[in-house]
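This report refers to the structure that appears directly beneath it.
Derivation of every value follows stated rules applied to the coordinates shown; laboratory data play no part. Just so it is clear, the structure is predicted and the values come from calculations on it, not from any experiment. A quick note on method: Cβ atoms are made from the backbone with ideal geometry, for glycine too, and the neighbour counts reach across all protein chains shown.
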């Protein structure tokens, strides 16, 4: 039977702001002793989920940058992202669904990618996305079904510490509101952290509001190291050579 997968790139929750936003990051493990072979790359690996309050935070390039730095410190991702000596692996490849918070051609995404590149002394970082309407083929979508299954019949209390809403649904106590959101988020994180997908661990955590500031970049540095298109961002290390009055920049291609 032949069929075509066609889903919207984003399926936003209808409830306005009174929701939790999970950002799901799927690590892809490669089979050992199979360098350069396509069969070495599958769909399985560790999963990291950062849960935020939709009322007090959002899903932005800033929050994704914060989550990426957290991911690099997780024990569950250590084998995937670090060398035997404990350093971050020099080449990082990321695929995203092309939404406005993570599209590789947007300035904030480029800025934070440059920051990751410099901070961890990478050789190369690539961020790619699918064409519109094909985000269902992103490998992270394979993790959503088992995660969604854990939500069947689940009710997260919105008033564990008492109601923060009046009879018209308006917030009357912001402190209680934030505590209620945090309790619901931590409860969800515990549920997801208790499961495994394809024998790989799931690590979920609730993240309080707040995000790193936008970081601007030097255009001269950008012109030497960055290549961008509609569907791919490429940042590579260059070796600068000064010969007499000539300034030659040799960039490594991947």
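Mind giving me the nanometre distance, one decimal, between the label points for residue 83 and residue 157, set 7 Å out from Cα along Cα→Cβ?
A separation of 5.0 nm, rounded to one decimal place.
Mind pulling the angle between the C-alpha long axis of helix 174-193 and the longest principal axis of the chain? Nearest 10 degrees, somewhere in 0 to 90.
With rounding to tens, the tilt is 70 degrees.
Please work out the C-alpha center-to-center distance from region 175-227 to region 28-64 and express it in whole Å.
12
In what order do 111, 196 fall by count of nearby beta-carbon atoms within 10 Å, going from fewest to most?
Details: 111 17, 196 12.
Least to most surrounded, the residues fall as 196, 111.
Sorting 152, 129 on the 10 Å Cβ count, fewest up front, what's the list?
Neighbour counts put them in this order, fewest first: 152, 129.
Could you tell me how many degrees, from 0 to 90 and to the nearest 10, lie between the Cα long axis of helix 107-119 and the main elongation axis, the longest principal axis, of the Cα atoms of the chain?
Approximately 70 degrees, to the nearest ten.
Could you give the angle, 0 to 90 degrees to the nearest 10, between helix 61-71's Cα long axis and the longest principal axis of the Cα atoms of the chain?
Long axis of 61-71 versus the principal axis of the chain: about 80 degrees.
Between residue 106 and residue 165, what FRET efficiency comes out of the Förster formula 1/(1 + (r/R0)^6) with R0 = 35 Å and r the beta carbon distance, rounded to 0.05?
On the way: r = 35 Å, r/R0 = 1.01.
The formula returns an efficiency of 0.50 here.
For region 164-226, how big is the tail of P(r) above 15 Å, as a whole percent of Cα pairs?
72
Sorting check: for 232-238, 79-85, which peptide has the highest mean count of neighbouring beta carbons within 10 Å, and how do the rest follow?
Taking the mean over residues of other Cβ atoms within 10 Å, the ranking is 232-238, 79-85.
What FRET efficiency, computed as 1/(1 + (r/R0)^6) with R0 = 25 Å and r the Cβ-Cβ distance, is obtained for residue 229 and residue 28, rounded to the nearest 0.05?
0.65
Determine, for 134, 149, the number of other Cβ atoms within 10 Å of each Cβ, and report the residues in order from fewest to most. All intermediate terms of the calculation are to be shown ahead of the outcome.
Details: 134 15, 149 9.
Lowest count first: 149, 134.
Suppose the chain between residue 38 and residue 209 were pulled fully straight at 0.36 nm per residue; how much longer would it get relative to their current alpha carbon spacing?
The span from residue 38 to residue 209 would gain 57.6 nm if fully extended.
Under 14 Å from a point placed 7 Å out from the Cα of residue 121 along the Cα-to-Cβ direction: which residues of region 67-107 have their backbone N that close?
So the set is 83, 85-91.
For the chain, calculate the relative contact order in percent as a whole number, restricting contacts to Cα pairs under 8 Å that are 6 or more residues apart.
This gives 24 percent for the chain.
Using 0.36 nm per residue, how much length does the chain from residue 190 to residue 134 gain when fully extended, once their Cα-Cα distance is taken away?
Contour length minus the Cα-Cα distance gives 17.0 nm.
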